[in-house]
Amino acid sequence: MNELNYKNKKLHFSKIDIESLAKKHKTPFFLYSEEILSNNYLQFAVGAESAGLIDPLICFAMKSNPNKDLVKILAKLGSGADIVSGGELKRALEAGIPPEKIVFSGVGKTEEEIVYALKLKGHLNSFNVESLEELELINATAKKLKKSARVCFRLNPVVKPKTHKFISTGNKTHKFGLLEQDILQSMGQNKYWSHTRLVGMSVHIGSQLLDLNATKRALVRLCEVALKIQAPLEFLDVGGGLGVDYHPDETHKLPRIDNYMQIIAMTFEKHFYSKSKLRPRVVFEPGRRIVAKAGIFVMKVLRNKISENNTFVIVDGGMNDFMRPSLYGAYHALIPVKEAKAEKECHVVGPICETSDCFGSNRMLPALKTGDLLILKDTGAYGYSMGSNYNLRGRPLELLVEKKQKLKVINKAQDYSDLT
Ligand SMILES: *Cc1c(COP(=O)(O)O)cnc(C)c1O
């Protein structure tokens, strides 16, 4: 599905003319498409059903994009939420996601956050526990509140996926998840289990995964440990991490949803269901795959700067708005809004006082001049949510193309009065 195309030499996103939009709204801004977001979610959900997975629950990873309107769209389609803070918990509830569809991940849950979650009317699907110290705190907190907490162990499967080292999480040297020996050692100890109940097991080995071999190995490990602990598990949680094709070279490697679901179905059948009477449901925690391609970032050229052989195209968006290129060296396509022949090699840079504030080096683009528009593609995930006020810049506007091409401001731009 190509939702970006030129019509009369003008770039359209989800059938919206970007140039006329930029006449009404101050750049830079994020632009999202309800249609793409819904399609991505439904493709995932239908894929899980078609592969015959048991009662799948898809918990959207809120950290990838916690915008309330976007989460509401997903909630209406049946999505749950994977949260990592009290703020995300509040947002998920406000967007209409019930507690029983929420999993609470993260290595650093505070007592305040645990109390907040335990005091809700319904029970969370689970606290996904990352250490025995955390489990002890959840148990003690539940005891104090005269409650019972549903918990899930996040297993550290000790596998190395092929992805960027900063977004890889499933190895011994990473802070995430519990080793098998620690999980087994906790069983039966009152300080962990007097006010908690083990209802699930999870793995999450990293993000932007394009090769599913490590995923498969992690799922086998998940099944092995889940069988060993002999608890009446209600679910197996496969985490998130499914990648997208940011670069054209990644397109042929991109795992298809049906293949991904098949791998899960076959691995669980062979390594769990065929060896147990239990029929735990399958929980997912996808973020990027659902929302990355549902958003673009629209910027305006401020000026060109020529330094000998280098042409710098200086744009009004910066690394404070969209951080992935500067943080991970991530590639994102840059596309001019006016269709023209790419004839010039240039570096597209932001106004922030950091050398890493660069959206693309040595890119072939048409000659761009002051006032021309340029978009950065696939910025729906880990975009606005990772942004900051660095250099005391206001956070940008967020716009949504709703069904029938209606436009909605879903987050106002900050102006000077907001920067207090
Ligand atoms: C970040 C994260 C996810 C989502 O990862 P994506 O790559 O966006 O799918 C899921 N689960 C956990 C525990 C995470 O930390």
* Structure fact -> Of the residues in region 87-121, those that are surrounded by 14 or more Cβ atoms within 10 Å (Cβ to Cβ), within 13 Å of the ligand (Cβ to nearest atom) and in the same structural domain as residue 132 (by TED's automatic domain parsing) number 7
* Residues within region 268-293 that are among the aliphatic types (A, V, I, L, M) and more than 13 Å from the ligand (Cβ to nearest atom), tallied -> 2
* Hey, could you check region 170-186 for residues that are modelled with pLDDT of 95 or more and not β-branched (Val, Ile, Thr) and say which is nearest to residue 102 (Cα to Cα)? => 178
* Selection from region 283-297 of residues that are part of a loop (DSSP other than H, G, I, E, B) and hydrophobic (A, V, I, L, M, F, W, C) -> none
* Structure fact -> Of the candidates 239, 200, the one satisfying the condition of being within 16 Å of the ligand (Cβ to nearest atom), buried (at least 17 other Cβ atoms within 10 Å of the Cβ) and part of a loop (DSSP other than H, G, I, E, B) is 239
* Starting from residues that are within 16 Å of the ligand (Cβ to nearest atom) and of a type in the set (A, V, I, L, M), keep the ones in region 129-188 and report whichever is farthest from residue 235 (Cα to Cα). => 167
* Asked: Where residues in region 242-271 are in contact (Cβ under 8 Å) with a residue 24 or more places away in the chain and of a type in the set (Ser, Thr, Tyr), which of them is surrounded by the most Cβ atoms within 10 Å (Cβ to Cβ)?
  -> 260
* From the options 142, 149, residue that is surrounded by 18 or more Cβ atoms within 10 Å (Cβ to Cβ) and in contact with a Phe, Trp or Tyr (Cβ under 7 Å, 6 or more places away or on another chain) -> 149
* Asked: If residue 262 passes every condition in (1) in a helix (DSSP H, G or I); (2) within 30 Å of residue 146 (Cα to Cα) but one, which one does it miss?
  -> (2)
* Asked: What helices (runs of 4 or more DSSP H), lying completely within region 111-192, carry at least 3 residues that are free of Cβ contacts under 8 Å to residues at least 40 places away in the same chain?
  -> 111-118, 132-144
* To do: Select from region 61-86 the residues that are more than 15 Å from the chain's Cα centre (by Cα) and either closer than 13 Å to residue 102 by Cα or near the ligand (Cβ under 10 Å from one of its atoms) (or both) and write down the one among them that is surrounded by the fewest Cβ atoms within 10 Å (Cβ to Cβ).
  => 78
* Structure fact -> Sole miss for residue 33 among (1) under 15 Å from residue 375 (Cβ atoms); (2) within 16 Å of the ligand (Cβ to nearest atom) is condition (2)
* Could you grab the pairs with beta carbons closer than 6 Å, sequence gap of 6+ or different chains, first residue in region 15-32 and at positive phi, second one assigned to a helix (DSSP H, G or I)? => 15/405
* Asked: Is it true that some residue in region 210-229 is within 16 Å of the ligand (Cβ to nearest atom), assigned to a strand (DSSP E or B) and either closer than 19 Å to residue 48 by Cα or not assigned by TED's automatic domain parsing to the domain that holds residue 263 (or both)?
  -> no
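The values are calculated or read from the model by the stated rules, or taken from the named source; none is laboratory data. All values derive from a computational prediction rather than experimental measurement. All Cβ positions, even for glycine, are placed from backbone atoms using ideal geometry, and neighbour counts span all protein chains on display.
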